[in-house]
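To keep things clear, I will list the structure first and then write my remarks on it.
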Amino acid sequence: MVTPEVEPYIRQKFAENAGLTEEQLFTADATLADVIASSPRMTNSIDLMEAFARTANGLRKDYGVRVRLPALPLDTPITTVLKTFLDEFEREQKEAAV
């Protein structure tokens with residue numbers, strides 16, 4: 001099971017890396033393309049991937065869990081990305097415990 005504070009951590013870190021508030025970022029219908037368009041720090045999908053990488057590096061540093069996200073199309077809702085982050089965290093956490 002995912003540590004309870006991991007979801008808020010991921011939300012906060014990704015929002016910081018995107019240069020947006022959590023409220024701006026995690027709306028029900030926001031897609032990755034919307035994040036790029038509204039972020040003052042992003043101009044393309046490479047910037048988006050860097051923001052994911054910085055978030056994943058924070059998880060590794062602060063929780064000792066290495067998370068890798070699969071390639072996601074730009075029409076993927078940000079809520080799906082968050083779920084994917086959490087699922088990968090849980091999977092990697094279980095593998096590390098074995």
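So the values come out like this:
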quantity	calculated
Candidates D47, D34, D75: whichever shows maximal mean-square fluctuation once the chain is modelled as a Gaussian network with Cα springs under 10 Å	D75
Loop-located trypsin sites (Lys or Arg not before Pro) in region 29-98, at most 15 other Cβ atoms within 10 Å (DSSP)	R41, R66, R68
Partners for K83 among lysines (Cα-Cα distance below 18 Å; same-chain residues under 8 apart left out)	K13, K94
Segment S38-L86, length gained on full extension (0.36 nm per residue, minus Cα span)	14.9 nm
Relative contact order, percent, the chain [alpha-carbon distance under 8 Å, six or more residues apart]	34 percent
Long-range amide H partners of T31 with built H, under 5 Å	I78
Kyte-Doolittle at least 1.6, axis length at least 24 Å by Cα - qualifying DSSP helices, the chain	none
Region 25-39 - phi-based ³J(HN,Hα) in whole Hz, Karplus 6.51/-1.76/1.60, Gly and Pro as x	7, 9, 7, 4, 10, 5, 9, 4, 4, 5, 4, 4, 5, 9, 7
Estimated inter-spin distance, R68 and S45, nm [label 7 Å along Cα→Cβ]	1.9 nm
Stretch gain in nm, segment A96-R54, where the contour uses 0.36 nm per residue and the Cα spacing is subtracted	13.0 nm
Semi-axes of the equivalent ellipsoid for the chain, Cα gyration tensor, largest first, Å	23, 13, 12
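The numbers here are math on the coordinates, done by the rules we state, and not lab data. Quick caveat: nothing in here was measured; it's all calculated off a predicted structure. Using ideal geometry, Cβ is built from the backbone for each residue, glycine included, and neighbour counts are taken over all protein chains shown.
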